[in-house]
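Written out below as structure tokens is the structure these notes cover.
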Amino acid sequence: MRFVMSQTIKQEVLGTTKQGQEVLLFRIPNNTNDYIEVTNYGCAICGIYVHNNQGKLENTVWGGTSLAEYEACNPGTIFAGPLGRALAHKVWDVADVGDNYVFLASQCDAGESGCSSAVKVGARIMWVNLNRLVIDLFLTPEQGTQLTFGTQLLVDADKHAPLQVRSFCPQVSVAGAAPIPTEESPYAAMVFSDAAGMKDTFLSASEEIKPMAELAVPGEGLFLSAYTTLSALRLETCDQPKAVRLVQETDQPVPLGGGVSFTARAIYGVDYLRPQPASEEEEVDINPMSVFFAGE
């Protein structure tokens, strides 16, 4: 599958499901030709391709290589929890395609949703300048119910290791215990800790969008920041594929009336920082584009 890069969305057929449904793949670039790939099979992020600190495009998240792989296992669907599992193998409707976004929609019945109601869902997935992935989530139950609601992103732990994490949240629940101030936890003063096997949940009751946490591979200069309007963030280690799942969610079930919509926004920022010079005497090139011309 080949694409010609431009600052407009490219759409290709990813394949046809075993049930005969056509599946699409969207490539959304920004003005630096960094781009994301999204499929309407399970509403999954297939890739976040950004230029690393050597100027080469690199996928920073997990993505399958074929539709058959997604049909066998789709851990990269945008929705987390029971809803995500119910929606992961549905071919979503393409409701709208804009200059820098796609809007996908689907639904599941009460037996699939993990609650007592059928649920309609939508996701507007945007890729903007400065390598920011913006996901607006919409959820509307048919009948009154309570829902735990969240979104997720898979970071490739095979490619990026060892992953570390730090929190910007005011509270943390360490290994499921009652929340404590972050300043009284191992994450005090925004210290990085190993992400592998982490069982802690970062909490913030504020309704404002703000940094919740940051994943990093310092040796590569890779930093992935996560912002959200949701109240909790946690990490899960996946074995198949080998990845770290970054989950942003409500920390308590949300009561919703029938036909009442719940909306949320998650923002992921991907940044590669250039290594610091070996000594203060070395000249530092402050041109952020110079890395792309190295060796010319």
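Each part gets one Cα centre, and for region 145-208 versus region 96-144 those centres are 24 Å apart. A straight Cα-to-Cα reach below 27 Å connects LYS159 with the lysines LYS10, LYS56, LYS199, LYS242, residues fewer than 8 places away in its own chain not being considered. Distant-in-sequence amide contacts of VAL61, defined by a placed amide H-H separation under 5 Å and a gap of 5 or more residues or a different chain, comprise ILE48, ASP156. Which of SER66, SER261, SER173 moves the most in a Gaussian network model of the chain with Cα springs under 10 Å? The residue with the greatest mean-square fluctuation here is SER66.
Farthest towards the positive end of the charge dipole of the chain, among the residues PRO75, LEU130, VAL94, is the Cα of VAL94, using unit charges on the Cβ of Lys, Arg, Asp and Glu. Comparing THR39, THR16, THR77 in a Gaussian network model of the chain (Cα springs below 10 Å), the most mobile by mean-square fluctuation is THR16. Shown in residue order for region 253-259 are the 3J(HN,Hα) couplings computed by the Karplus curve 6.51 cos²θ - 1.76 cosθ + 1.60 at θ = phi - 60°: x, 9, x, 9, x, x, x Hz (x for Gly and Pro).
Restricting the calculation to Cα atoms, the chain shows an Rg/Rh of 0.98 when the hydrodynamic-style radius is the Kirkwood one. For the chain, a crude dipole built from +1 on the beta carbon of Lys and Arg and -1 on the beta carbon of Asp and Glu, taken about the Cα centre, is about 780 debye to the nearest 20. Taking ALA68, ALA178, ALA196 as the candidate residues, the one with maximal mean-square fluctuation in a Gaussian network model of the chain, Cα springs under 10 Å, is ALA178. Note on the chain: dipole from Cβ charges, positive end direction compared against LEU139, TYR49, GLN19; the farthest Cα belongs to GLN19.
We did not get these values from a lab; they are worked out from the coordinates using the rules stated. Keep in mind the model is a prediction, meaning the values are calculated, not measured. Don't worry about glycine lacking a Cβ; one is built from the backbone with ideal geometry, like all the others, and counts go over all protein chains shown.
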